[in-house]
1. Taking square-rooted eigenvalues a ≥ b ≥ c of the alpha carbon gyration tensor, is the stretch 1-107 rounded, prolate or oblate, where a/c under 1.5 means rounded and, failing that, a/b exceeding b/c means prolate?
2. So what's the gap between the Cα centers of the stretch 316-331 and the stretch 112-150, to the nearest angstrom?
3. For Glu571, Glu18, what's the largest-to-smallest order of accessible area, 1.4 Å probe?
4. According to the Cα gyration tensor, what semi-axes, each the square root of 5 times an eigenvalue, does the equivalent ellipsoid of the stretch 182-233 have, listed from largest to smallest in whole Å?
5. For the chain, what is the mean residue ellipticity at 222 nm derived from helices alone (per DSSP H run of n ≥ 4: -39500 (n - 2.57); sum divided by total residues; nearest 500 deg cm²/dmol)?
6. Would you mind pulling out the separation of the Cα centroids of the stretch 574-651 and the stretch 447-485, in Å?
7. Under the Karplus relation 6.51 cos²θ - 1.76 cosθ + 1.60, θ = phi - 60°, what is the ordered set of whole-Hz ³J(HN,Hα) values for the stretch 487-499, x standing for Gly and Pro?
8. Suppose the Debye formula is applied to equal point scatterers at every Cα of the stretch 280-392; what is log10 I(q)/I(0) at q = 0.15 Å⁻¹?
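The values are calculated or read from the model by the stated rules, or taken from the named source; none is laboratory data. Everything numeric here is computed off the predicted structure, so don't read it as measured data. Heads up, the Cβs are rebuilt from the backbone with ideal geometry, glycines too, and the neighbour counts pull from every protein chain shown. Heads up: the accessible areas ignore ligands, DNA and RNA and are worked out on the full protein's heavy atoms, side chains in. Shrake-Rupley method; radii C 1.70, N 1.55, O 1.52, S 1.80 Å.
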Amino acid sequence: MNGNKKAGVYPVPKAWAERASTDAQRREAMYVASIANPDQFWGEHGKRIHWIKPYSTVKDTSFEPGKVSIRWFEDGTTNVSYNCIDRHLTERGDQVAIIWEGDDPKDVARITYRELYAQVMKWANVLRSQGIRKGDSVTLYLPMIPEAAYAMLACARIGAIHSALSSQCPPEVLASRIADAASTVVVTADQGLRGGRKLELKVNVDAALDKLPKVVKTVIVVKRTGAPVGMLKGRDHYYDDLAETVPDQCPPEEMKAEDPLFVLFTSGSTSKPKAVVHTTGGYLVYAAMTHQYVFDYHDGDIHWCTAEISWITGHSYIVYGPLANGATTLIFEGIPTYPSASRYWDVIDKHKVSLFYTAPTAIRSLMGRGEDAVKSNSLASLRLLGSVGEPIDPKSWEWYHRVVGGGRCPIVDTWFQTETGGILITPLPGATDLKPGSAGSPFFGVKPELVDEAGDVLDGVAHGNLVIADSWPGQMRTLYRDHERFEQEYFSRYPGKYFTGDGARRDADGYYSITGRVDDVINVSGHRIGTAELESALVAHASVSEAAVVGYPHEIKGQDIYAYVVLIDGETASDELRNELVSWIRRAIGPIFTIDKVQFAVGLPKTNSGKIIRHILRKIAEDKCTEFGDTSTLSNPAVVDHLIDNRLNRK
Ligand code: WT7
């Protein structure tokens with residue numbers, strides 16, 4: 001670092017400026033051009049993927065109330081699996097496409113592009129043999145194994161829409177999402193392995209399908225551990241058996257740019273999860289282009305994104321972006337602390353990872369284990385580090401930079417959402433100076449604005465709600481079979497703009513720092529959950545009459561969950577009941593959302609009209625009981641005194 005750098009700013013190292021895909025000046029020129037003339041800019045960059053029939057139109061989008069419509073490259077046709085595989089075969093058929101590192105460090109596989117090609121065609125024919133055609137949906141409930149990528153790419157090859165669910169998803173959630181996506185085929189594994197523990201995937205599928213007797217016709221089971229599992233005759237088939245009966249070759253379907261590629265579920269401020277739809281052409285262009293520029297991807301890089309493949313980060317930056325660019329991508333089945341706290345660093349040295357992309361919650365927890373766990377590895381292969389999922393605090397950023405990156409690797413703090421398809425706000429390594437705690441500036445073609453509650457645009461240095469004023473190719477197109485809700489959720493609060501649900505600060509250099517959700521959504525370790533979703537699951541318990549859930553700051557997880565529960569008459573509060581409610585939520589929503597604090601309450605603070613006053617509950621959860629602000633509308637002060645007396649986060 002040079003001596004006269006601005007405090008807290010890491011300037012672009014010289015070597016990086018020379019090598020990166022773009023430098024500061026070119027970045028600025030490209031950004032200006034992308035905003036001034038999106039048709040020309042994306043018309044040019046859309047060519048980075050192969051089109052069967054080239055597009056003649058580029059951007060056809062409207063955020064206008066009642067008429068929200070997002071179309072990119074509309075008359076072009078292409079195939080995503082062709083772009084991620086076939087296109088690379090002549091030049092990189094023998095290059096490794098996927099490195100797989102199993103939960104057990106001894107389990108490793110390297111899959112070349114040619115092998116990937118053969119696998120994906122087999123998978124495509126297996127799906128077809130079960131009646132899957134263009135436009136049908138397939139639910140994927142798989143662990144982090146190469147088959148997860150094969151199945152996704154096979155769907156893309158034949159034009160089926162995949163809906164991937166986390167392998168930690170409990171049967172209740174599984175059932176409702178299979179039904180919401182209207183999948184007739186579910187792909188799963190006998191079991192999964194995670195941190196030495198088994199995940200009972202097939203057992204969970206059986207439990208889910210008990211609730212949906214007629215919807216699912218076929219369950220395809222990958223043998224991961226080989227454990228015997230129940231197989232329902234006529235419905236359940238081992239993948240290996242089906243694969244024996246189908247042809248090896250499967251030409252890619254010609255897909256329209258706006259044909260759906262996948263659905264992903266995410267939480268919002270209502271109790272019903274949203275099924276976000278991404279389409280083919282624009283999504284792939286955006287995933288590939290951000291992967292190249294944000295990670296400064298070059299031939300020969302080994303790219304490792306630690307996210308689950310079933311999240312948007314995994315879709316865009318384990319599978320589609322890297323493979324569209326002909327990269328080598330690493331899929332890791334395990335967890336950062338198994339068999340020891342140096343696992344991530346072991347994997348980096350073992351596979352010579354050069355681009356490493358993880359979440360602040362993992363960084364914070366590994367930071368807590370001390371530097372020695374890192375220093376037993378050289379980490380010399382690393383060139384760049386990334387962070388995603390929640391704000392990264394400057395202390396963790398500095399640690400990541402110094403201890404993991406050896407002070408030489410830029411960190412890209414990338415902001416995006418399931419809905420945005422790819423990264424929207426980020427530093428560009430080699431082009432932008434880095435500021436710990438800031439996600440930097442908008443990517444090409446992205447027009448962020450900060451607005452106040454009334455929707456007035458704030459200029460210059462400001463703190464407000466983050467909206468995006470115009471479309472970019474990776475944007476979601478709709479909510480599955482519910483365009484009305486799509487408009488309502490994202491385009492009604494600030495008409496004519498996409499509302500992200502996040503708050504942000506902008507500094508004098510135009511850098512954005514995301515300050516967290518402004519709606520009733522909690523972010524636990526980078527996973528979004530709506531408070532309404534948790535509350536409706538709590539009141540579904542026979543002993544509960546009312547519940548309110550808030551987030552409060554947590555050192556490792558970013559935020560944790562605090563629930564206020566009012567019991568029905570005649571029920572008494574007890575530790576058993578508290579534990580039961582915690583496991584009830586784990587079963588209903590998933591173990592990621594384990595409630596940390598359950599406070600039994602005699603009532604909830606309400607206005608005269610009966611609305612829960614949430615800001616009071618948030619302050620009590622934070623142990624800041626003298627900072628309630630406006631309480632003039634509170635109708636039941638005695639309830640608040642009781643809540644304060646019994647608060648659980650006393651310092
Ligand atoms: C929400 C999106 C994006 C992939 C993983 C989560 C928060 C995401 C950052 C960041 C601050 C971030 C936002 C966003 N978020 N990245 N770099 N800095 N906050 O996807 O489940 O759709 O959640 O995660 O609040 O809205 P998701």
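1. Cα axes put the stretch 1-107 in the oblate bin.
2. So the two Cα centres are separated by 16 Å.
3. Glu18, Glu571
4. Over the Cα atoms of the stretch 182-233, the semi-axes work out to 21, 11, 10 Å.
5. -8000 deg cm²/dmol
6. 31 Å
7. With coefficients 6.51, -1.76 and 1.60, one gets 5, 4, 5, 10, 10, 9, 5, 10, x, x, 9, 7, 8 Hz.
8. Here the Debye-derived log intensity ratios amount to -0.63.
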